[in-house]
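The values are calculated or read from the model by the stated rules, or taken from the named source; none is laboratory data. Quantities reported herein were computed from a predicted structural model and do not represent experimental measurements. Cβ placement follows ideal geometry from the backbone for every residue including glycine, while neighbour counts extend to all protein chains displayed. Surface accessibility is based on the protein's heavy atoms, side chains included, excluding ligands, DNA and RNA. Shrake-Rupley method; radii C 1.70, N 1.55, O 1.52, S 1.80 Å.
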Amino acid sequence: MDNSEKPADQNTDDDVEMPEEQRAYIKKMIKRLMELGIGAVYGDEDTGEEPVVFDCAERLPICKAVCCSFIFAITKEEVQQGHIQWNPKLPYFIKRDEDGFCPHLNRETCSCSIWDNRGQRARKYDCRKDPNVWLDWDKSIINPHVFDHLPPKG
């Protein structure tokens with residue numbers, strides 16, 4: 001039986017649509033549970049997908065490596081290997097410095113200090129397809145709200 005034959009309450013598709021308010025509420029509740037030490041979220045184990053490979057160097061002056069400020073879960077294995085700094089307040093999530101960026105990012109060169117050991121999600125993320133980053137990749141038009149989640153520079 002595929003998912004289309006299951007009752008709606010048993011559908012296991014990852015791409016189930018829900019209102020943004022509901023997503024925000026769920027994220028808030030998960031974060032609160034983790035803060036209380038009641039739960040943890042970690043990334044999926046290896047799905048077998050190939051890493052994304054493209055040269056983003058020419059875009060760095062525009063995007064300023066904003067992808068290195070995104071919060072994402074890392075796998076249990078990645079935490080155990082010890083290469084990736086994770087957030088002790090949000091176990092199994094990548095750590096963030098005060099500026100909102102990954103501690104592994106060299107701010108001067110926008111290069112990753114753990115490139116060969118970076119997490120699966122970092123390897124598989126493709127900003128070219130993310131409308132939250134690029135309004136138009138081909139024309140180098142960045143989303144004007146892409147930096148809104150970062151703390152104010154002080």
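Overview of results
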| item | result |
| --- | --- |
| Filtered residue count, region 71-86, keeping only those that are touching a residue at least 12 places away in the same chain (Cβ under 8 Å), open to solvent by 40 Å² or more (accessible area, probe 1.4 Å) and part of a loop (DSSP other than H, G, I, E, B) | 4 |
| Subset of region 82-140 [under 17 Å from residue 55 (Cα atoms), within 17 Å of the chain's Cα centre (by Cα) and among the acidic types (Asp, Glu)] | 126, 130 |
| Complete set of residues in region 110-124 that are open to solvent by 50 Å² or more (accessible area, probe 1.4 Å), assigned to a helix (DSSP H, G or I) and free of Cβ contacts under 8 Å to residues at least 60 places away in the same chain | 115, 116, 117 |
| Every residue from region 125-154 that is open to solvent by 80 Å² or more (accessible area, probe 1.4 Å), touching a residue at least 24 places away in the same chain (Cβ under 8 Å) and over 18 Å from residue 94 (Cβ atoms) | 128, 153 |
| Flag for residue 79 being among the β-branched types (Val, Ile, Thr), modelled with pLDDT of 80 or more and closer than 14 Å to residue 125 by Cβ | no |
| Which listed residue, of 54, 72, is in contact with a Lys or Arg (Cβ under 6 Å, 6 or more places away or on another chain), at pLDDT below 90 and closer than 20 Å to residue 132 by Cα | 72 |
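Residue-wise test of (1) within 21 Å of residue 148 (Cα to Cα); (2) polar (S, T, N, Q); (3) out of contact with any helix residue (DSSP H, G or I) (no Cβ under 9 Å at 6 or more places or on another chain).
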{"residue": "52", "(1), (2), (3)": "no, no, no"}
{"residue": "56", "(1), (2), (3)": "no, no, no"}
{"residue": "60", "(1), (2), (3)": "yes, no, yes"}
{"residue": "73", "(1), (2), (3)": "yes, no, no"}
{"residue": "78", "(1), (2), (3)": "no, no, no"}
{"residue": "84", "(1), (2), (3)": "no, no, no"}
{"residue": "88", "(1), (2), (3)": "no, no, yes"}
{"residue": "91", "(1), (2), (3)": "no, no, no"}
